[in-house]
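Peer 1: Pasting a structure below so you can have a look.
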Amino acid sequence: MFHISDCRKYSRCPRLFHLEWNAPKREYQPYVRLDEEVSDLVIRKLGIRDYWLGKRGDPAEDAVIAAETYDWLVKARFEYGDLRVKVPFMHRVKDAWDVYFLFIGLYPHAEGLEMYGDTVWVLEQLGYKVGELRIVHLNASYVRQEELDVNQMFIVSDFFYNSSCNPSKRITAEVRARMKDPSDLIAEMKECLEGDTPLPCRTSKCASRVRCRYYQECFPDEKREDDNSIVTLISSRYKYDMKKEGLLRLKEADPERIEGHRMQYAQIAADQGNGLYVDRMALRSWLDNIDFPITFLDFEWERFAIPPYQGMKPYDVLPFEYSIHIMDANRSLQHKVFLSIHDDRREMAESLLRDIPKEGSVIAYNAEGAEKIRIKELADMYPDLAEDLMDINRRMEDLQLPFESGTVYDTRMRGTWSLKTIMGMMDDESGYHDLDIAQGMDAVYEWRHLDLSDADEEEKQKIIENLKEYCGMDTYAMTVVFLWLISLADEEPV
């Protein structure tokens, strides 16, 4: 018996589907925190009183029996033609059933229509007349007060939203117009599972949005490619074509088939030289804007789908930790860290203002996409602290800029410029490899143990220690990379 998620995987990649079907079950770690049982909240939103509630593993006939006596079905499972679907909410209206899909996001777009269409198809094959289709989703403009207001937090929409996040096409009409009989797809999926695992086939879906978890398994040779391999060429549509034609190195790239990004030129120039490209004039210009003492700043935060605290919107973030390293003109360092367990944003903001010097530059990695946003959020939350908080933003420089702009490129970066990648090129003995927490999302998962109080005191202290070490490593790594940039700017070109 297949589920709609299996159909999506097969449509994306038969090999992905085959591997996932045969893989052992993994513990699911959601990227976004979701503590509330959303179905319970939506039941309140829809004003449902008397209903039948399905649960995981229910025999399909249970929902069929329930539909004979109940006007509301919640989480009902139905099966037809080897396809099993879960219907979030069904409401009997006269001789038809209106279906309410649940979208735990802000703006449901006309994507994933196969899921909606397959659900309707199964219901209609079983003899149910399906009426209106609606989607219950989160309200982007809702701001939580002391109590959660489900009526304001959710929107019941008859429309999909367009790219401008405005209502556009009617859900019922759009799903009906594009609904297909999935029988042929199901037959293909069965045939796929009966055979060997499909061979890897590189498509745009392999790394679109989020890289497939099997990418390295499918293309192991890519990891063994030389640092100056043509496959490291950033944002290149034709790099694999060029490789097939024997153009194996960055410096061999066909000028007619590169997109012309500044970073691409930096990569090619690095390979034409000794593996390193530096636009020293641009780098020195950037460094001229930085004044001592320099504060290197990094936040860690959690993102909540349902706002748990006053003043938060759906999908707002809650910063729970920051680390700073302060470097004086003699290059000596001072480290400070703040870690909270619950909603301590006010305390964090006040601590930040105490810890960061009133003068000098503040440096963060991806400052525009992270640290500046977090500080602006704190300033909006606490108007009495806003002026001083926004002064931090006015003094902030982005350490990522020299790399993402193509001002500096080392072939050892292999087409990426994450802080960990660049730190890995340094000869510094301190590094991420010895830490118990290896990446940002691991830090979030560990912090959840503190916030949800499911760890004993000894384990909590260990988590706190690991979080401080990880966040501290991020700001320490910035100091190492910054000093490296200074050394590059001071070198004379060969």
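Peer 1: It is to be established whether one or more residues within segment 269-280 are under 29 Å from the mean Cα position of the chain (by Cα) and aliphatic (A, V, I, L, M). Walk me through how you get there before you give the answer.
Peer 2: Of all residues in segment 269-280, those under 29 Å from the mean Cα position of the chain (by Cα) come to none.
No, segment 269-280 has no match at all.
Peer 1: Name the single residue that is surrounded by the fewest Cβ atoms within 10 Å (Cβ to Cβ) among those in segment 2-23 being aliphatic (A, V, I, L, M) and in a helix (DSSP H, G or I). Walk me through it before giving the result.
Peer 2: So in segment 2-23, the residues aliphatic (A, V, I, L, M) come out as 4, 16, 19, 23.
So of that shortlist, the ones also in a helix (DSSP H, G or I) come out as 4, 16, 19.
Details: I4: 20, L16: 20, L19: 18.
If we take residues in segment 2-23 being aliphatic (A, V, I, L, M) and in a helix (DSSP H, G or I), then L19 is surrounded by the fewest Cβ atoms within 10 Å (Cβ to Cβ).
Peer 1: Checking the condition open to solvent by less than 90 Å² (accessible area, probe 1.4 Å), touching a helix residue (DSSP H, G or I) at 6+ places or on another chain (Cβ under 8 Å) and closer than 28 Å to G117 by Cα, which residue from C218, C212 passes?
Peer 2: Numbers: C218 fails: closer than 28 Å to G117 by Cα.
The match here is C212.
Peer 1: Right, another one. Quick check, is E114 modelled with pLDDT under 95 and part of a helix (DSSP H, G or I)? Give the derivation first.
Peer 2: Values: modelled with pLDDT under 95: yes; part of a helix (DSSP H, G or I): yes.
Yes.
Peer 1: Can you tell me which of (1) in contact with a strand residue (DSSP E or B) (Cβ under 9 Å, 6 or more places away or on another chain); (2) surrounded by fewer than 20 Cβ atoms within 10 Å (Cβ to Cβ); (3) modelled with pLDDT of 75 or more is the one Y470 doesn't meet?
Peer 2: Condition not satisfied by Y470: (2).
Peer 1: Any chance you could count how many residues in segment 158-173 are open to solvent by 30 Å² or more (accessible area, probe 1.4 Å), in contact (Cβ under 8 Å) with a residue 40 or more places away in the chain and either within 17 Å of V120 (Cα to Cα) or in a loop (DSSP other than H, G, I, E, B) (or both)?
Peer 2: 3
Peer 1: Look through L283, L250, L276 and report the one residue that is more than 28 Å from T479 (Cα to Cα), touching a strand residue (DSSP E or B) at 6+ places or on another chain (Cβ under 8 Å) and either open to solvent by less than 50 Å² (accessible area, probe 1.4 Å) or of a type in the set (A, V, I, L, M, F, W, C) (or both). Walk me through it before giving the result.
Peer 2: Working: L283 fails: more than 28 Å from T479 (Cα to Cα); L276 fails: more than 28 Å from T479 (Cα to Cα).
It is L250.
Peer 1: A follow-up question, please. Find the residue count for segment 295-306, including only residues that are of a type in the set (K, R) and either surrounded by 21 or more Cβ atoms within 10 Å (Cβ to Cβ) or in contact with a Ser or Thr (Cβ under 6 Å, 6 or more places away or on another chain) (or both).
Peer 2: Filtering segment 295-306 for residues of a type in the set (K, R) gives 303.
When the remaining residues are screened for being either surrounded by 21 or more Cβ atoms within 10 Å (Cβ to Cβ) or in contact with a Ser or Thr (Cβ under 6 Å, 6 or more places away or on another chain) (or both), the result is none.
Residues flagged as of a type in the set (K, R) and either surrounded by 21 or more Cβ atoms within 10 Å (Cβ to Cβ) or in contact with a Ser or Thr (Cβ under 6 Å, 6 or more places away or on another chain) (or both) within segment 295-306 amount to 0.
Peer 1: Right, here's the next one. Please list, ordered by residue number, the strands (runs of 3 or more DSSP E) wholly in segment 315-378 having 3 or more residues that are under 27 Å from K462 (Cα atoms) and open to solvent by 30 Å² or more (accessible area, probe 1.4 Å). Spell out how you get there, then give the answer.
Peer 2: On the way: elements: 317-327, 333-339, 362-364.
So the answer is 333-339.
Peer 1: Mind listing whichever residues of segment 140-157 are within 19 Å of G311 (Cβ to Cβ), open to solvent by less than 60 Å² (accessible area, probe 1.4 Å) and of a type in the set (G, A, S)?
Peer 2: Passing the criteria: only A140.
Peer 1: Across segment 304-314, what is the total count of residues that are of a type in the set (F, W, Y) and in a loop (DSSP other than H, G, I, E, B)? Working first, answer last.
Peer 2: If we filter segment 304-314 for residues that are of a type in the set (F, W, Y), which is where we start, we get 304, 309.
With the extra rule that they be in a loop (DSSP other than H, G, I, E, B), the set shrinks to 309.
Total meeting the criteria: 1.
Peer 1: Looking at (1) out of contact with any Phe, Trp or Tyr (no Cβ under 8 Å at 6 or more places or on another chain); (2) open to solvent by 30 Å² or more (accessible area, probe 1.4 Å); (3) of a type in the set (A, V, I, L, M, F, W, C); (4) modelled with pLDDT under 95, which one does M390 not meet, given that it meets all the others?
Peer 2: Unmet for M390, out of (1) out of contact with any Phe, Trp or Tyr (no Cβ under 8 Å at 6 or more places or on another chain); (2) open to solvent by 30 Å² or more (accessible area, probe 1.4 Å); (3) of a type in the set (A, V, I, L, M, F, W, C); (4) modelled with pLDDT under 95: (4).
Peer 1: Scan A489, A438, A455 and give me the residue that is loosely packed, with under 15 Cβ neighbours inside 10 Å and either closer than 27 Å to P402 by Cα or modelled with pLDDT under 75 (or both). It would help to see each step written out before you state the result.
Peer 2: Values: A489 fails: loosely packed, with under 15 Cβ neighbours inside 10 Å; A455 fails: loosely packed, with under 15 Cβ neighbours inside 10 Å.
None of the others qualify; the one that does is A438.
Peer 1: Separate question: Return yes or no: is V122 outside any strand (DSSP E or B) and buried (at least 19 other Cβ atoms within 10 Å of the Cβ)? First the steps, then the outcome.
Peer 2: Details: outside any strand (DSSP E or B): yes; buried (at least 19 other Cβ atoms within 10 Å of the Cβ): yes.
Yes.
Peer 1: Going through C192, C206 one at a time, which residue ends up being touching a helix residue (DSSP H, G or I) at 6+ places or on another chain (Cβ under 7 Å), more than 28 Å from I43 (Cβ to Cβ) and modelled with pLDDT of 95 or more? Write out each step before concluding.
Peer 2: On the way: C206 fails: modelled with pLDDT of 95 or more.
It is C192.
Peer 1: When residues of segment 455-487 are filtered for being in a helix (DSSP H, G or I) and either free of Cβ contacts under 8 Å to residues at least 24 places away in the same chain or closer than 20 Å to L339 by Cα (or both), how many remain?
Peer 2: Taking segment 455-487 and keeping what is in a helix (DSSP H, G or I), we get 457-487.
Then keep just the ones that are either free of Cβ contacts under 8 Å to residues at least 24 places away in the same chain or closer than 20 Å to L339 by Cα (or both); that gives 457-478, 487.
The total comes to 23.
Peer 1: Please work out if F292 is open to solvent by 20 Å² or more (accessible area, probe 1.4 Å), touching a residue at least 60 places away in the same chain (Cβ under 8 Å) and not in a helix (DSSP H, G or I). Please lay out each step first, then the result.
Peer 2: Values: open to solvent by 20 Å² or more (accessible area, probe 1.4 Å): yes; touching a residue at least 60 places away in the same chain (Cβ under 8 Å): yes; not in a helix (DSSP H, G or I): yes.
So F292 fits the description; yes.
Peer 1: Please tell me if S235 is open to solvent by 70 Å² or more (accessible area, probe 1.4 Å), touching a residue at least 24 places away in the same chain (Cβ under 8 Å) and at positive phi.
Peer 2: Working: open to solvent by 70 Å² or more (accessible area, probe 1.4 Å): yes; touching a residue at least 24 places away in the same chain (Cβ under 8 Å): yes; at positive phi: yes.
Judged against the criteria, S235 is a match.
Peer 1: Quick one: in segment 55-78, which of the residues that are modelled with pLDDT of 95 or more and assigned to a loop (DSSP other than H, G, I, E, B) is nearest to V122 (Cα to Cα)?
Peer 2: Among those that are modelled with pLDDT of 95 or more and assigned to a loop (DSSP other than H, G, I, E, B), it is A67.
Peer 1: Test of understanding: among R84, R49, R44, which residue is open to solvent by 60 Å² or more (accessible area, probe 1.4 Å) and in contact (Cβ under 8 Å) with a residue 60 or more places away in the chain?
Peer 2: Details: R84 fails: open to solvent by 60 Å² or more (accessible area, probe 1.4 Å); R49 fails: in contact (Cβ under 8 Å) with a residue 60 or more places away in the chain.
Criteria check complete, one pass: R44.
The values are calculated or read from the model by the stated rules, or taken from the named source; none is laboratory data. Because the structure is a prediction, the values reported are computed rather than measured. We place every Cβ from the backbone using ideal geometry, glycine too, and count neighbours over all the protein chains shown. The area values use the complete protein model at the heavy-atom level, side chains included, leaving out ligands, DNA and RNA. Shrake-Rupley method; radii C 1.70, N 1.55, O 1.52, S 1.80 Å.
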